[in-house]
Each structure stands twice: as C-alpha cells, then as structure tokens.
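Worksheet for the structure shown next.
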Amino acid sequence: MQRAVEEAFRDQWGRLLALLVARYRRLDLAEDGLADAFEAAARHWAVDGPPDNPGAWLLTAARRRILDRLRAEAVAARKEPMLVVDESLRQEVQSTMADPGGLLSDERLRLVLLCAHPSLAPESASALSLRLVLGVPTAEVARLFLVSEATMAARLTRAKRKLAATGVPFAMAGGTALADRLEVVAAVIYLAFTTGYAPSTGEDLLRVETAGEAIRLARVVRDLAGSQPVIDALLALMLLQHSRRNARVSANRIVLLPDQDRSRWQHDEIVEALGLLEPHLAVEPSGAGRAYFLQALIAAEHAVAPTAGETHWERIEAHYEALEAHTQSPVVRLNRAVAAAELKGPDAGLALLEGLEEQLPRNHRLYAVRGELLDRAGDPAAAVAAYQIAIELCTNDAERSYLTERVASIS
Amino acid sequence: MRYFVTIAYEPTVWSDASEEVQKTYHQAHLAFHDAVEQRAQLISGEALAGPETATTMRHVDGKPVLTDGPFAESAEIVGGFYLIEAANLDVMTSLCELLPSAYSLEIRPVIQIDGFDQN
C-alpha cells in the first residue's frame, strides 16, 4: 500500500501542485494542502486500498484542506499576497478539476519557471524547485543544502512570499523568452547538483543524494520542455559526473579518475548521456548551454575510454581550449593544463599554470596539480614545496590525506 | 499590479555623454513610453534634478533638522522614476529592457496600507 502512495507521489506531486497553485493562487496553501492529502492517503489507502484514480482522490483531499484553511483565515482576516494567474488558465483549471482525467499541457512547466524565476536568489530558487516541483520535504531539502530545517523553512517562505508580492506570473514563456528562462532553470538545477559535489566536509553519500535529485529535476524539465540544447547538455554533464559515484571513494579515500575501477561506473547512465549529446554535435549549443556542452564532451571522453591509458587527451585538450575561450575561467585553464600535460608532457602543463596564482590564490588544486607536474618533470624538492601549500589550503579531509600520502611517497 | 521603478546611474552617464549618445537615451525613453502605452499603463514618471540639489530632513531630539545632500553617498545616483500599472513582473521587466542599458533599475510593487484609503 505504501508503494501506491510513493508512486502517486513521484508521478503526481508536481502536476497536482501546479493545478492547486493555478486554482488558489497561493503557494503556501497549495503546498500544505497537498502534503496533508498525501499524509491522509498513506493512512486511508493502507486500510481501504488505493483508489481507482489516485490523482483525483488526492486533488479532492487537498482542495478540502485548502478550503478549510481559507475559511479559518477569513476569520483571522489574514492577508497573504496572491500569485498572478491569468484568467484563461484559471478557467481551464476549473474544468480540469471537474474532470481530473484531463491534463493541462504545460501547468508543470509553469511551476518550474515560477520556482526558477530570475528575480529569486539562485540558492533560494534551487531549494524551492526541489521542494515544489519534486515535492522533496523541507527537512530533506535542508539536509541536502547543509542548513538547519528552520533556516531552510524561512528561506522557502521568503521565496514564496516574494514571488507573490512582486507579481511573478504563473505563466508560460514563449519563443526566445522560453530559451532564456531555460538557461536560468539550468543554472538553478546545476547549483543543486554542485551543492552535492561542493568540496565541503559533508558526507559523500549526501552529495550523491543531492546530485540524484538535481538529475531528477532536469529529467522533469526535459519531459516538459522537450529537447532543448541547454537542458540536454546539462543533463548529459550531470549524468556523466554522477555515473562515477561508486568508484570515486573507496575506504573513505578519494580515488582519482585514472585509478578508478571503471566497471563500477554506471554504464547505463553513460549511454544515456551520449545519446543526449549526439543530436547537438552538428550544431553545437551557444550561450549558457555551450559551457555545459563542452564540459559534457570532456566527461564523455573519459567515460568512453576503456582504460585511463587509452584516453583521447588531444580531444580533451581541444575541448578545454574551447571552454577556456568561452568562459575565460582560470579553473578551466587549470584543467586544461592537466590535459596538456597528459598529451605533451609535464612542461606543457606547467607552462599553462604560469600566473594562475593571482587568479586562484586560495585554490589548493592549483598547488596540487603543480606539485604533481613538478614531480613528473623530475623536480621532487619543488614538488614537495607545492604540495605543502596545497595541504595548507585544503579543507576536505579525504583530499588532504591523499595529498599527505603523495608528499610521503616523493620524499 | 502597480510598480515603482527607480532609475539610477553613474553620475557621468549623462554628464559625459555626447549629444549623439544623449539622443539614443531620449529615443530609448520614447520607445519605452510607446510600449507602456500598448502593454501597460503609465501612472506617472519624472526625471529628477541632480543629487547636489537634494535636501534631507531627519528628526533629531524631536526637531526636524535639514542637511545638504541625499540619504546616502553611493556610486550611483537616483535620476528619475516611473510609476506603472502592469499585469505582472515579467511584463514590467520586458518593458524596462527598452530603457537605456546604462541604467540600474529597481523595480518594486506598490502596496496598499490598511486603514489608509484616501478614496
């Protein structure tokens, strides 16, 4: 019975929430009402069995809760700002609610565009998207973003209030406006994903969970908006990085890419990612999508190499060069140096690192890479000195113990 | 909804602009007015004299005290405002895209204060 509720939750949460938001124009009420409805479903369905139409059952239960709440509020004369929802959608929703089998085409995409509206701070938009589009409980969102539940609840409440108070519409964007908005949506999703990979001291398992939720969100957006270059590239990139999760850490120690057990990579996810990239190879994505696309191509080269020794470094270096030209990022230069060293030897890599300290003064990876390349170039004393700086700057326990071992192996 | 748009810019944006550039600013405002007429409603809008003309009043020990200059020194100065009735924030921001790109624009909804209804 629990399975029926879980299935309904996964399949119906976003759609039902979008309908309730369109109907009642209040994010807080729609969210609470629907959460209550799922709780009631867990109780009732366990006894009576799941209903024939779980969506209709949940919608009715949620509406009842919301109407109760509205009545109570009228007594207390509470005034909450209401979302801007255009009249035609409200009428459409009225008839959909009368016949819940009928589907609105884009109500969930409206919800995605609302949560990832550029007027919200990206970290708020990211958390709000997980909460409202996927239905991830607030306590869980807080855990994924490494803040207390109270802090996250306050952040979500502020974001919901701002959307209503500033008149952000629950509306579709069309044409080029949709493409622009999907770039923001992609950034919001990738922020959730990288929260999972941020080099904090958090547990690695948690990062895998956050990344998984971000991928789920990207899949939902792709289902709704169709094949869009920026979303395809983003989803491919995340899948490729995520596919290495089981090989990345062993006995609480980081396993670097060349040493990873490739049989532990998720090959189904790699195949899916390659399939997402393929249609865009002829006309490469531009704008924000280009950065995700080039990073995905690099990750794909690693993913398809049968062994580390068979990696096509010349392609990887070329992709990094294009990515550096596109982003002007010193971090990209650092990665390009690693690829150049693999292709042409340590001196080529060291040459590319020249002058990067000014742009990346606190970046331990810069010094770790320099140490590695100096060691390969036959200068162990300079290598150890560089590694010492890296160890000083590094805040991640697993990475620091790796660096300490490297120094010991050189000297 | 009704939005108050504060226009701010670096002081040199107007003073250092060539006649040519100033003309493009005027054209941008005209395009904005045209678009507002079609897609929203202009309630009011004015350009302000420079911050050197500002007088600030605060009460100190219960007495009004005047000082020379604006509230706060900042890199940007407030140069004008618009008050506009628009369907939603997305309409408002797409209209604002027509204004000169040298501006920083703060877009805020206007609210009704309970118990203060003049009508």
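The values are calculated or read from the model by the stated rules, or taken from the named source; none is laboratory data. Bear in mind the structure is a predicted one, so any value in this text is a computation, not a measurement. Cβ atoms come from the backbone with ideal geometry, glycine included; neighbour counts cover every protein chain shown.
Within segment B:4-21, not a single residue is surrounded by fewer than 13 Cβ atoms within 10 Å (Cβ to Cβ), closer than 17 Å to B:Leu99 by Cβ and either touching a strand residue (DSSP E or B) at 6+ places or on another chain (Cβ under 8 Å) or not β-branched (Val, Ile, Thr) (or both). For segment A:72-80, the count of residues that are buried (at least 17 other Cβ atoms within 10 Å of the Cβ) and either at pLDDT 95 or above or closer than 30 Å to B:Glu85 by Cβ (or both) is zero. Of the residues in segment B:63-70, not one is closer than 18 Å to B:Leu105 by Cβ and loosely packed, with under 11 Cβ neighbours inside 10 Å. State whether the residues of segment A:335-347 include one that is surrounded by fewer than 17 Cβ atoms within 10 Å (Cβ to Cβ), within 30 Å of the chain's Cα centre (by Cα) and among the hydrophobic types (A, V, I, L, M, F, W, C). No: zero hits. A:Leu83 fails exactly one of the following numbered conditions: (1) under 26 Å from A:Ala159 (Cα atoms); (2) more than 14 Å from chain B (Cβ to nearest Cβ). What is the number of that condition? A:Leu83 satisfies all of (1) under 26 Å from A:Ala159 (Cα atoms); (2) more than 14 Å from chain B (Cβ to nearest Cβ) except (2). So, B:Ala86, is that one away from chain A (no Cβ under 14 Å) and touching a strand residue (DSSP E or B) at 6+ places or on another chain (Cβ under 7 Å) or not? Answer is no for this residue.
Per-residue answers, yes or no, for (1) basic (Lys, Arg); (2) touching a strand residue (DSSP E or B) at 6+ places or on another chain (Cβ under 6 Å); (3) away from chain A (no Cβ under 14 Å):
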| site | (1), (2), (3) |
| --- | --- |
| B:Met57 | no, yes, yes |
| B:Val60 | no, no, yes |
| B:Thr67 | no, yes, yes |
| B:Gly80 | no, yes, yes |
| B:Met92 | no, yes, no |
| B:Leu105 | no, yes, no |
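Taking the criterion of being farther than 16 Å from A:Val221 by Cβ and in a loop (DSSP other than H, G, I, E, B), the residues of segment A:120-152 that qualify are A:Leu120, A:Ala121, A:Pro137, A:Phe145, A:Leu146, A:Val147, A:Ser148. Across segment B:94-103, the qualifying residues are those that are under 11 Å from B:Arg39 (Cβ atoms) and within 14 Å of chain A (Cβ to nearest Cβ), and the one among them that is surrounded by the fewest Cβ atoms within 10 Å (Cβ to Cβ) is B:Ser94.
If the condition is being more than 8 Å from every other protein chain (Cβ to nearest Cβ) and in a strand (DSSP E or B), then segment B:109-119 contributes no residue at all.
Set side by side, the residues A:Leu350, A:Leu374 differ, and just one is in the same structural domain as A:Asp397 (by TED's automatic domain parsing) and touching a residue at least 24 places away in the same chain (Cβ under 8 Å), which is A:Leu374.
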